[in-house]
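Structure record follows, encoded as structure tokens.
None of the figures in this text is laboratory data; all of them are computed from the coordinates on show. Just so we're clear, the structure is a prediction, and the values are computed from it rather than from any experiment. Here the Cβ positions follow ideal geometry from the backbone for every residue, glycine too, while neighbour counts run over all protein chains shown.
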Amino acid sequence: MDLLFQVIVNGLLLGGLYALMALGLALVWGVLNIVNLAHGALIMLGGYAAYYLFTLLGIDPFLALPLVMMMLFVLGYILQRYVLSLIARSPMFNTLLITFGLDVIFMVLAQLLFTADFRTINPSYAGTHVTWFNLTFPTVQLFSFAVAMCLTVGLWLMMLHTRIGRAIRATAQNLSAARLYGVNPKQIYALTFGIGAALAGAAGDLYGVVSQITPYIGATLTAKCFAIAIIGGLENPLGVIVGGVLLALIESLTALYVGPTFVDVASFGVLVLVLIIRPQGLLGKTA
Amino acid sequence: MSTPILSLKNISKRFGGLLAVNGVNIDIMPGETVGLIGPNGAGKTTLVSLISGTLTPTTGEIVFQGHNITALPAFERARLGIGRTFQIMKPFPGLTVLDNVAVGALYGTTTTNKALSQARDEAMEWLRRMDLHSKAQQRAEELGGPDRKRLELAKAMAMKPTLLLLDEVMAGLNLVEIDEVIEAIKVVRETGISILVIEHMMKVIQSLSDRLLVLHHGQQIMAGTPQDVLNDPRVIEAYLGKRRV
Amino acid sequence: MKRLLPLLLIIILGVLTALPWIAGPTLVQFAINALMLATLAQGWNIIGGFAGYASFGNSIFFGLGSYGVAIAMVQWNLPFGVGLVIGVVFSVLFALAMGVPVLRLRGHYFAIATLALSQVMSAIFSNLDIAGRNIGLVLPLLRSDTLFYELSLGLLVIATLTVFWLSRSRFGFGLIAIRENEDAAQSMGVNTTRYKVLAFTLAGIFSSLAGGIHAYWITFIDPNSAFDLSLNVKMIIMAVFGGPGSVLGPVIGAALLSAISELLSSTLSSVASLFFGVVIVIAVILMPKGLTDCWLRFPVTGWRYFIHNIRQHRL
């Protein structure tokens, strides 16, 4: 029984990070209608940025978060403004293809620049943990969960209560109407993609602390982000938390009770089922 | 009097808490052009979708040429002879104007395997009648407003329907263009098929319909000749009520 | 030009048929691989290029075909041909069973559902004893590249003829109508559900046969290589690069891109993949309608063709 509770705790903590990973993907998908296959690669780049800030400059990965997010924001802004906006009205295959091309480019560049070695960010407090009610809470997981929650709720509040947030939501609703209200769509699109990339960067930073980074993690992470975004729905950032926690729980419970080799059957099977039964996501409004 | 080609029997459609269409009974006779008017949100487009099969009614029965079609999917209704145009024009944007119409000739009420060339010939015939043949090789997305409407008519007519549903064909046109499209619809009417015209503009409705129905809040509040209906105080009220909002 | 095209195709086909007797073994091996990719791109063209459904699930059929042959030959000692049939039967069953619910989804949702399905299938096969679990299966060795070459060429020819038939049949016209506007197609009498499922099945049959031949040729399969997602991405790139919805576009796209990546990988493999990524990005921006459209219009408009494309598609 203790084991079950411990697995649930681990799943919840991991679920927070999952939510943050998928948050940027869901934002870009919902607002720009771009399914970004390079999202996992952006997470990977965020991980490397945090890794080098830590190993070369000694900056703690949690303190480095704003810096990493800024770097990825700039990258995302440039990508959307000068590359992706060129095909904004192309057929859907083309958006999928171009982001896949970017995914390949980032992966190969990472491999050339950072080598294929496994990297982990190891601050002094890594490996410590706190114990409540006989359950173990690793410090870094607890921190990253808290940060992920803050960022997700932060994005939600930003979308609801700031000028930029309202402009982004207006653009998502109706591009031509937004134009009439004096919103520059190019600017808003680039900002939105930049924010999505910044969130991916933050997720990568935390991922580097709790797990390992290689140039090749991008594709798997993108697939996970799809699952999370679809289970949670695209309408509300808080849905992503539900999606992230659910996916993490499904993964850890399947690994415990069925076997580790069935994790992908369960997680992607749930994704297919959700798509078929409720394409608007578990929390989305019924049509 | 002959039997109606289309009968709606006590049709209702509910979306969640909203009763979009509420107990509507309509009969359309062969060769008759019926106008359907009503303020925005009265349920006109919903009614068209219920007849064409894009939506299924919550209650009630739809009979077309003696068949109960209430549960049939849209493509089977098209095969039985119900053609429609969409309020938001839905051409096949990347295909040529000719091929847009050829889809109607190839499918529609044709169920046998017709050769593409024959379908294109039939399509060309309708393009001529709609005065679009000079633009046959242009892509549909390149067409302007009134041409798009004529394309919609040609596409629907190439299906060889016995009942045509026209859903606000005039939306977005100026007065000169509206007259052009009215002429095009008159060409269609001369083939002797039944037409249900949904329209906002009284001028269009008056010049085309034999009979007029008024829908308000999902209910049919009035039916009769265009003259009678348009002078009826209930109709005027329904429209003025809308204007105040 | 129009008159010469059939003649030209016959000459090319003749040379291709004779290739194993003209060319060296390295070229033949490269050609077998390129022919397989072309067949897969052509299969994807049916569901993706004609019907407009961006399937990431065609690698499922490739995997089912591979495992059909592998399981039949290794576990049941059946001949290769029977294995191919088994693979096709399972692919058809899969397409019919999953096609109905999954093809109801549109746009990105369909793409992601098929992508997830291929992950599920890969994970299921890595848990099946009969499929050799994670380790995979080793097939009996047959050293006859000529046979594999001619089989692959024959399959590609049949696939291309099928697409040629599609391009001038009522069925193909209906699929194009679905791609252009599914609601309008439905209201004009196209049985959209049946058409989409049939297109998915047809695409599945060709992918499955390609998988079966490939498994016997390469003599080893495991879940990762059989249900390889990047293979699916390759088919899409080749079909889209060549011209989705055209008859020869996917074949030309596959031939060109295979040749480029072969030439590059012989020098430096990571630079080759970098170049591949850059080519995709630039091709999508400059010629979003594929090589065949560029081929037709570039002579007319010149360099303005690319500028026009950007103007037309940018935000």
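Between residue C:295 and residue A:59, the modelled labels are 5.1 nm apart [label points 7 Å from Cα along Cα→Cβ]. For residue C:234, the aspartates and glutamates whose Cα falls under 18 Å of its own Cα, not counting residues fewer than eight places away in the same chain, are A:103, C:262. Inter-part distance, the stretch C:255-315 to the stretch B:67-109, computed on C-alpha centroids, equals 37 Å.
The calculated FRET efficiency for the pair residue B:128 and residue B:176, based on their C-beta separation and a Förster distance of 25 Å, comes to about 0.70. Taking all Cα pairs closer than 8 Å and separated by 6 or more residues, the relative contact order of the stretch A:2-277 comes to 40 percent.
Would you please report the Å³ per residue occupied by the convex hull of the alpha carbon atoms in chain C?
Details: hull volume 47.6 nm³, N = 315.
Normalising the Cα hull of chain C by residue number yields 151 Å³.
Compactness of the stretch A:2-277 was expressed as the Cα radius of gyration divided by 2.2 N^0.38 Å, which yields 0.99.
For chain A, the longest principal axis of the Cα atoms and the long axis of helix A:2-32 meet at an angle of about 10 degrees.
Relative to the compact globular guide of 2.2 N^0.38 Å, what is the alpha carbon radius of gyration of the protein assembly as shown, as a ratio? Provide the component values of the computation, followed by the final result.
On the way: Rg = 29.5 Å, N = 847, 2.2 N^0.38 = 28.5 Å.
Taking N as the residue count of the protein assembly as shown, the ratio is 1.04.
Return the equivalent ellipsoid semi-axes of the stretch C:1-160 as a descending list in whole Å, where each equals the square root of 5 times an eigenvalue of the C-alpha gyration tensor.
Working: eigenvalues 177, 121, 29 Å².
Semi-axes, largest first: 30, 25, 12 Å.
Please report the relative contact order for chain B, taking Cα pairs under 8 Å with a sequence separation of at least 6, and give it as a percent rounded to a whole number.
Details: 489 pairs, mean separation 63.4, N = 245.
That works out to 26 percent.
With contacts taken as Cα pairs under 8 Å and at least 6 residues apart, the stretch C:30-151 reaches a relative contact order of 28 percent. Rounded to the nearest 20, the size of the Cβ-charge dipole of the stretch B:54-182 about its Cα centre is 340 debye, with Lys and Arg at +1 and Asp and Glu at -1.
Once you have the Kirkwood Rh of the stretch A:35-154 from its Cα pairs, apply Stokes-Einstein at 20 °C and 1.002 mPa s and quote D in µm²/s.
129 µm²/s
Remark: C-alpha extents of the stretch C:93-249 on the principal axes read 52, 35, 27 Å, sorted largest to smallest. Taking 7 Å steps out from each Cα toward its Cβ at residue C:278 and residue A:162 produces label points 3.6 nm apart.
Helices meeting the span-like rule in chain C (full DSSP H runs, Cα extent of at least 18 Å along the helix axis, mean Kyte-Doolittle score of -0.5 or higher): C:4-22, C:25-44, C:58-74, C:80-102, C:108-125, C:145-167, C:192-218, C:229-242, C:249-265, C:269-286.
Screening chain B for whole DSSP H helices of 18 Å or more along their axis (Cα) with average Kyte-Doolittle hydropathy at least 0.5 returns B:175-189.
Order these by the 10 Å Cβ neighbour count, fewest first: B:202, A:69. Display every interim value, and only then the final one.
Working: B:202 15, A:69 24.
Sorted ascending by nearby Cβ count, the order is B:202, A:69.
Mean-square fluctuation check for chain C, GNM, Cα pairs under 10 Å: which of C:298, C:220, C:110 is largest? Top of the fluctuation ranking is C:298.
Over the stretch A:1-92, the alpha carbon radius of gyration divided by the compact-protein estimate 2.2 N^0.38 Å works out to 1.38.
A Gaussian network model of chain C, with springs between Cα atoms under 10 Å, assigns the largest mean-square fluctuation among C:23, C:210, C:283 to C:23.
The alpha-carbon positions of the stretch C:210-315 define a convex hull whose volume is 140 Å³ per residue. For chain C, the mean residue ellipticity at 222 nm estimated from helices alone is -25000 deg cm²/dmol, where every DSSP H run of n ≥ 4 contributes -39500 (n - 2.57) and the total is divided by all residues, rounded to the nearest 500. With the simple model of a label 7 Å out from the Cα in the direction of the Cβ, residue C:271 to residue B:187 spans 6.3 nm. Taking only the alpha carbons of the stretch B:1-132, we obtain Rg and Dmax values of 16.7, 49 Å in that order.
Annotation: the residues A:132, C:76, C:217, sorted from fewest to most other C-beta atoms within 10 Å of their own C-beta, follow the order A:132, C:76, C:217. Can you pick out the pairs among A:186/B:135; B:114/C:196; B:135/B:160 whose Cα atoms lie more than 24 Å from each other? Check vs 24 Å cut-off fails for A:186/B:135.
Counting every other Cβ atom within 10 Å of each residue's Cβ, C:294, A:150, A:225 order from fewest to most as A:150, C:294, A:225. Think of each Lys and Arg Cβ as +1 and each Asp and Glu Cβ as -1; about the Cα centre, that makes the dipole of the protein assembly as shown roughly 1340 debye.
Where q = 0.10, 0.11, 0.12 Å⁻¹, what log10 of I(q)/I(0) comes from the Debye formula for chain B, counting one point per Cα? At q = 0.10, 0.11, 0.12 Å⁻¹ the computed log10 ratios are -0.47, -0.57, -0.67.
Which residues in the stretch A:171-215 have a backbone N closer than 17 Å to a point placed 7 Å from the Cα of residue A:146 along the Cα-to-Cβ line? Residues A:206-207, A:209-210 qualify, since their backbone N sits under 17 Å from the label point.
Result for chain C in a Gaussian network model with C-alpha springs under 10 Å: among C:45, C:33, C:232, the largest mean-square fluctuation is at C:33. In straight-distance terms, cross-link reach from residue B:44 covers every one of the lysines whose alpha-carbon lies under 20 Å from its own, apart from those fewer than eight places away in the same chain; here that gives B:9, B:13, B:90, B:149, B:203, B:242. Ordering B:175, B:154, B:119 by Cα displacement along the dipole of the stretch B:92-216 toward the positive end leaves B:119 in first place; charges were set at the Cβ atoms of Lys, Arg (+1) and Asp, Glu (-1).
I'd like the per residue volume of the convex hull spanned by the Cα atoms of the stretch B:78-209, given in cubic angstrom. Don't skip to the answer; put the middle values down first.
Working: hull volume 12.2 nm³, N = 132.
With only Cα atoms used, the stretch B:78-209 gives 93 Å³ per residue.
If you take the Cα centroid of the stretch B:9-26 and the Cα centroid of the stretch C:19-65, the two points sit 52 Å apart.
With +1 on each Lys and Arg Cβ and -1 on each Asp and Glu Cβ, how big is the dipole of the stretch A:2-277 about its Cα centre, in debye rounded to the nearest 20? It would help to have the intermediate numbers written out before the result.
Working: 9 positive and 8 negative charges, 202 e Å.
Approximately 960 debye in magnitude.
Output the antiparallel fraction of DSSP beta bridges having both residues in the protein assembly as shown, as a percent to the nearest 5. In the protein assembly as shown, DSSP labels about 65 percent of beta bridges as antiparallel.
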